[in-house]
1. Lys72: which lysines have alpha carbons under 23 Å from its alpha carbon, excluding same-chain residues fewer than 8 sequence positions away?
2. In the Gaussian network model of the chain, springs joining C-alpha atoms below 10 Å, which of Ile60, Ile76, Ile16 carries the largest mean-square fluctuation?
3. What is the sum of charges around His114, taking Lys and Arg as +1, Asp and Glu as -1, for the other residues whose C-beta is under 14 Å from the C-beta of His114?
4. Scanning the chain for chymotrypsin sites (Phe, Trp or Tyr not before Pro) in DSSP loops with at most 15 other Cβ atoms within 10 Å, what's the longest stretch left with none?
5. Remind me, relative contact order of the chain in percent, using alpha carbon pairs under 8 angstrom and six or more residues apart?
6. Determine the percent antiparallel among the DSSP beta bridges restricted to the chain, to the nearest 5.
7. Kyte-Doolittle mean at least -1.0 and Cα extent at least 18 Å along the axis: which DSSP H helices of the chain qualify?
8. Obtain the nm distance between the two label points defined at Ala138 and Cys120 by a simple spin-label model: each point lies 7 Å from its Cα along the Cα-to-C-beta direction.
Amino acid sequence: MGVDARPQSRYPFQFIHGDALTFLMEHGIDFDVIHASPPCQAYSRATAWRGKRSDHPDMIDDVRELLVKSGKTYIIENVQEARGKMRHPILLCGSMFGLPIRRHRYFEVPMISHLLVPACSHRSTDFSHDHGSKQTEAQYRDAMGCEWMTVVEARQAIPPAYTRWIGQAILRMEESNGRG
């Protein structure tokens, strides 16, 4: 299920149009695992190139506070520049999963924070999020595994392979702790 303040008409799963923090406070108890992606503009390099990071909210601490209060297993995702705000983040990249892309994202996942992750294996042919100098944005979106999105939506997206890997790691940890 996805929750976002902006409509996502092409989202392929159940979608709730609304404020994610309000939804978390009201319905967080209904979920086993909560994956949150606070807005990244307060940290993003693209924001620094085009404007001021200080014009955007820094919501990582507020989101974490709600997630911890929920008592649920949680994941917080954000851009490379936000890693200093995150607790024991792990880095994931498309090249770790055989995707032909370089897209580094950091994830705070307390349950698996000390798990060994695959190594990046960048290739010279990998796509990078460079807005069209090596590939079209549509090619980049498709390489991420997000074919249903517009290219504008894909700029904000996490490749599904990352979430799948984290979910499988959480399930393995739950099973090894006798809770799976």
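1. Lys85
2. For the chain, modelled as a Gaussian network with Cα springs under 10 Å, the answer is Ile16.
3. +1
4. Details: sites that count: Phe13, Phe31, Trp148.
With a cap of 15 other Cβ atoms within 10 Å, the longest stretch comes to 32-147.
5. About 15 percent, as a whole number.
6. Restricted to the chain, the bridges split so that about 40 percent are antiparallel.
7. On the way: long enough: 160-176 (24 Å, -0.41).
Membrane-span-like by this rule: 160-176.
8. For the pair Ala138/Cys120, the computed spacing is 2.9 nm.
The values are calculated or read from the model by the stated rules, or taken from the named source; none is laboratory data. Computed from a predicted model, the values in this text were never measured in an experiment. All Cβ positions, glycine included, derive from the backbone under ideal geometry; neighbour counts span all protein chains shown. Areas reflect the complete protein model, heavy atoms only, side chains present, ligands, DNA and RNA absent. Shrake-Rupley method; radii C 1.70, N 1.55, O 1.52, S 1.80 Å.
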